[in-house]
Structure formats: C-alpha cells, structure tokens
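The values are calculated or read from the model by the stated rules, or taken from the named source; none is laboratory data. A quick note: this is a predicted structure, and the numbers were derived from the prediction, not measured. Heads up, the Cβs are rebuilt from the backbone with ideal geometry, glycines too, and the neighbour counts pull from every protein chain shown. Accessible surface areas use protein heavy atoms only, side chains included; no ligands, DNA or RNA. Shrake-Rupley method; radii C 1.70, N 1.55, O 1.52, S 1.80 Å.
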Amino acid sequence: MIDSHCHVDDEAFDADRDQVIERALAAGVEHLLAIGSGDGPPDLEAGIRLATRYECFYATVGVHPHKAAAVTADTLLRLRDLVAHPTVVGFGEIGLDYHYDFAPRDVQQRVFIDQLAIARDAKLPIVIHTREAWDDTFRILEEHWPRELGGIFHCFSGGPELMKRTVALNFHLGYGGVVTYPKATNVQDGARLAPADKLLVETDCPYLAPVPFRGKRNEPAHVRHSAQKLADLRATTVEEIDRITTANFRTLFKVH
C-alpha cells in the first residue's frame, strides 16, 4: 500500500514518530507521501525533512490555502528552488478553502494560480485541497493547469457528479477516512463508480481517522481501513485495491 497523503511532520507525532512509521511499515504500507505544507510559510520543507530522514517517504512542497495570506514573492522563489530537491515528486497541497476563509478568497485564488505556474514549470503533479469551493477550483484548473500533468483531489468528498468532473480533468481521487463513515453515502456512491485507474488511498493523518478509529489520532497504518472500504464498495478484495492504488500512485508520480 501507499499512503498518498499524510502529515507525519505534525506535532501530534512528536512523541512517537518512529513508532508510528514502524507500525505503518508493519501494516504493509510500503511508501508514504509527506505533504510539505507543514506550518509554512516561512517553513516550506516539512515534507523534505521527513523524506530525507526516512527512506519510505516521498515529499511534496507547497502552501496550503489556509496560509495563502502569508505568501510573499520570496516564498514563491523558494518554492521554485525546492521543486528540484530529489525527494520532491509532487506539489501541494494547494487550492481553495471557503469553509474557514483563513485567507481572503481573492488572495487564495491568486496564490493558487501562482503555485500552479511553479508546478507546471517543474512538470510535477499537484495535490489539491478544496472545501466548499468546487466551482472556483475547477474553473482555475481548467484555465491554468495542463491536463496531462494531472494530480490528486485529496480527501475526496464528492459524490458521483463531482467525481466525474474531477476525472474528466485527469485527476486522481484520494479516498481516506471519510469514505468509511456511515453517513457518507454520497462519497461512497462516487467511490463505487470511479474508474479504477483514478483511485488512491490516503490517511491525511493525524486528521480524519477511519472507522473504527474515528475521533482518535489517525496514522498511516490505518490506511488499510479505507482500502478495505473501497474493496467492499467495489465488490473486490483489499489486495486488489492495494495493487491498483499502488500502481496508480507510481504512474502518476513517476516513481518505482
């Protein structure tokens, strides 16, 4: 398995980070994508630090929409340097969050577009965060993102129609703990119908733990529960979901 989205740099893991990673490997998680947004800016290297220290990690760089108001010209220049780091395979998480509006929406959109340009120039797939901003997210991607580079809508929370719009833009669907929640029937309907070659599994740990750990700290070893739920929804085995999602990840990020 590959956990395609995790935040093991988070302070929630400061007391037992090595043990968390050991549990993930013991559970069959072969690789993990360390999302590089961390608490930056100014710090932009959270993912790189993990991937440099632990061989099982790949990294991304990017500024989360919550922190868009802190982005300066120097931030963007630094990101242009960091995309060349050998551990970096993708760019993100970037996008729009209209639920919290921690940054003004026009600022979020401008920073999103600026970061798309950096990722485009580096030819890196992107990791999208979108919350209550579907239409603007799709519009910006349609205008500013080359379809062939693709990426992931992480923690995908849409139903069948949003799934189809996402796939039509050549994006993968990152399914995490939400797909296991009993009331998330719309998400489950989309996951049941999604093309197999667009499926990925993730934890977004330490957030959004799957059933039966809901409400507790999430960790990468728990990705198996989301994979099992996808298998149940699609009337297949967890081994087949593991095989498909691992192959999809390797193809998208051009890793082996």
>> Would you confirm, using the coordinates I've provided, whether ASP39 is at pLDDT below 95, open to solvent by 30 Å² or more (accessible area, probe 1.4 Å) and not in a helix (DSSP H, G or I)?
In response: yes
> For the stretch 58-68, does any single residue satisfy the condition of being closer than 21 Å to ALA247 by Cβ, touching a residue at least 24 places away in the same chain (Cβ under 8 Å) and of a type outside the set (S, T, N, Q)?
Replying inline: yes
>> For the stretch 83-106, give me each residue that is part of a loop (DSSP other than H, G, I, E, B) and among the charged types (D, E, K, R).
In response: ASP101
> If we scan the stretch 194-201, do we find a residue that is closer than 27 Å to ALA12 by Cβ and assigned to a helix (DSSP H, G or I)?
Replying inline: no
>> Of the residues VAL238, VAL255, VAL223, VAL211, only one is buried (at least 24 other Cβ atoms within 10 Å of the Cβ) and either in contact with a His (Cβ under 9 Å, 6 or more places away or on another chain) or not basic (Lys, Arg) (or both); which?
In response: VAL223
> What is the residue count in the stretch 127-175 for residues that are of a type outside the set (Phe, Trp, Tyr) and out of contact with any strand residue (DSSP E or B) (no Cβ under 7 Å at 6 or more places or on another chain)?
Replying inline: 24
>> Which numbered condition in (1) open to solvent by 50 Å² or more (accessible area, probe 1.4 Å); (2) in contact with a helix residue (DSSP H, G or I) (Cβ under 8 Å, 6 or more places away or on another chain); (3) under 30 Å from ARG217 (Cα atoms) is the only one that ALA24 fails?
In response: (1)
> Taking into account only those residues within the stretch 83-114 that are of a type in the set (Ser, Thr, Tyr) and more than 16 Å from THR60 (Cβ to Cβ), which is surrounded by the most Cβ atoms within 10 Å (Cβ to Cβ)?
Replying inline: TYR98
> open to solvent by less than 30 Å² (accessible area, probe 1.4 Å), outside any loop (DSSP other than H, G, I, E, B) and polar (S, T, N, Q): does that describe THR52?
Replying inline: no
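Would you mind finding the one in GLY95, GLY90, GLY150 that is closer than 20 Å to ASN248 by Cβ and in contact with a His (Cβ under 8 Å, 6 or more places away or on another chain)?
GLY150
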> Just checking, how many residues over the stretch 167-189 are more than 25 Å from PRO220 (Cα to Cα), under 16 Å from the mean Cα position of the chain (by Cα) and part of a helix (DSSP H, G or I)?
Replying inline: 1
>> Take the residues in the stretch 1-36 that are in a strand (DSSP E or B) and either in contact with a Phe, Trp or Tyr (Cβ under 6 Å, 6 or more places away or on another chain) or not charged (D, E, K, R) (or both); name whichever of them is farthest from HIS154 (Cα to Cα).
In response: HIS31
> What number of residues within the stretch 61-82 are assigned to a loop (DSSP other than H, G, I, E, B), touching a helix residue (DSSP H, G or I) at 6+ places or on another chain (Cβ under 9 Å) and either closer than 25 Å to LEU252 by Cβ or open to solvent by less than 20 Å² (accessible area, probe 1.4 Å) (or both)?
Replying inline: 2
